[in-house]
1. Which members of segment 37-53 meet the condition of being within 18 Å of Tyr234 (Cα to Cα) and either in contact with a Cys (Cβ under 7 Å, 6 or more places away or on another chain) or crowded, with 24+ Cβ neighbours inside 10 Å (or both)?
2. Would you call Lys21 within 16 Å of ligand 1 (Cβ to nearest atom) and buried (at least 21 other Cβ atoms within 10 Å of the Cβ)?
3. Could you tell me which residue of segment 279-312 is surrounded by the fewest Cβ atoms within 10 Å (Cβ to Cβ), considering only residues that are hydrophobic (A, V, I, L, M, F, W, C) and either away from ligand 1 (no atom under 16 Å from the Cβ) or not in a loop (DSSP other than H, G, I, E, B) (or both)?
4. Determine which member of the set Gly292, Gly281 is at pLDDT below 90 and within 22 Å of Glu51 (Cα to Cα).
5. Determine, yes or no, whether Pro69 is touching a residue at least 24 places away in the same chain (Cβ under 8 Å), under 25 Å from Phe23 (Cβ atoms) and away from ligand 3 (no atom under 16 Å from the Cβ).
6. Could you check segment 19-35 and list, in sequence order, the residues that are in contact with a helix residue (DSSP H, G or I) (Cβ under 6 Å, 6 or more places away or on another chain) and over 15 Å from Lys65 (Cα atoms)?
7. Looking at Leu214, Leu201, Leu194, Leu182 in this structure, which one is among the hydrophobic types (A, V, I, L, M, F, W, C), part of a helix (DSSP H, G or I) and either touching a residue at least 40 places away in the same chain (Cβ under 8 Å) or at positive phi (or both)?
8. Does Gly236 fit the bill of being at pLDDT 80 or above, closer than 16 Å to Glu51 by Cα and small (Gly, Ala, Ser)?
Amino acid sequence: MSAELQAGRHGAPLVIDQVHKRFTQGRRVAHILRGCSLTIGAGEIVALVGESGSGKSTLARTIMKLYTPDEGKLLFGSEDVTHAKGKALRQYRERVQMVFQDPFASLNPAHSIRTILRRSLPPSARHYSERQREDLFDEVLTQVGLTPASNFLQQFPHELSGGQRQRVALARSLAGRPDLVLADEPVSMLDVSLRLGVLNLMLSLNERFGIGYLYITHDLASARYVASRIAVMYAGEIVEEGPAEAIVEEAKHPYTQLLVQAAPDPDRRGLQELDESVFTGEPPDLSREIQGCPFQFRCPHVMEKCYESSPPLKDLGNGQKVKCFLAE
Ligand SMILES: Nc1ncnc2c1ncn2[C@@H]1O[C@H](COP(=O)(O)OP(=O)(O)OP(=O)(O)O)[C@@H](O)[C@H]1O
Ligand code: SF4
Ligand SMILES: [Mg+2]
């Protein structure tokens, strides 16, 4: 193991504090993140689950600072990176890497795997000799199970299978020696037979190098499989979070309860699609201010006060936090 890849052992916590993100399209303003708060401990695997359009990728892109938060703060270790620019931003992005939702789109088809990896190296690797660089590429490809690495280095993305491309995307994030990888649905585009392999790979990299993950997924069962904590997102807010087991076994928020109900049989490792028929009603219109609880339009337990004010985030004391009046 090279010293390079041990960097994750000294990771730092990431704190997302009341982050808002709005997008303006003409006269319409869409409030996509609405006061989103979440902490990812150093070396921790946190899963972020929620339905399509809830803002998961927007949160990941905001953490990467591809978008600037309109309100709120991002803290990494002792640094406030909310408005980081220049060198501070580059250093932050060396430590926090993203694996994008679509590896087909994020790997440049005109570049060989070697070029893709070379371009992912942090500026601090510029002084590497050709030999050191090749050793590092060999190491990261071997770590993601692409062996012999020399065969893969000269290939192009279209020559690889979907599973192999996903592994290249992970290898690329590792070559940058991160503390934290934001993995946006890293297995959703893979065959069911390959998914478990990539999840196990993430787990082993976490154990061996202390790399933390924000694992974004629709799939509660795989969230429980890899993550120690699960955060549930709805309409741009974290509505419940806690130890993975508590979220799956003792969900307190009605939305989480529906997600659990919709999840496939856990004995089948849950790598199938959700049964979305348990969800009735429409998600909220994000171009409007929502008065009251954002889940009021679909909640089977909605009460009078849910229309009037938004419930506070209640700490249940076991590490579980819930944003619902029923938890009071
Ligand atoms: N750059 C943008 N400009 C305007 N609207 C955007 C932008 N990016 C995302 N959105 C909107 O924000 C909402 C959340 O999108 P996002 O991609 O974050 O959802 P998601 O939870 O990742 O969904 P999925 O599970 O389908 O990947 C969607 O309504 C989307 O249309
Ligand atoms: S606060 Fe009310 S509407 Fe919101 S989830 Fe709880 S019961 Fe349902
Ligand atoms: Mg997404």
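The values are calculated or read from the model by the stated rules, or taken from the named source; none is laboratory data. Small disclaimer: the values here were computed from a predicted structure and weren't measured. Ideal geometry is used to build each Cβ from the backbone, glycine not excepted, and the neighbour counts take in all protein chains shown.
1. Initial filter on segment 37-53 (within 18 Å of Tyr234 (Cα to Cα)): 37-39, 46-53.
Those that are within 18 Å of Tyr234 (Cα to Cα) and either in contact with a Cys (Cβ under 7 Å, 6 or more places away or on another chain) or crowded, with 24+ Cβ neighbours inside 10 Å (or both): Val46, Ala47, Leu48, Val49, Gly50.
2. Yes.
3. Out of the qualifying residues, it is Met303.
4. On the way: Gly292 fails: at pLDDT below 90.
Residue meeting the stated conditions: Gly281.
5. Against the criterion (touching a residue at least 24 places away in the same chain (Cβ under 8 Å), under 25 Å from Phe23 (Cβ atoms) and away from ligand 3 (no atom under 16 Å from the Cβ)), Pro69 qualifies.
6. Result: Ile32, single match.
7. One residue alone meets the criteria, Leu201.
8. Values: at pLDDT 80 or above: yes; closer than 16 Å to Glu51 by Cα: yes; small (Gly, Ala, Ser): yes.
Judged against the criteria, Gly236 is a match.
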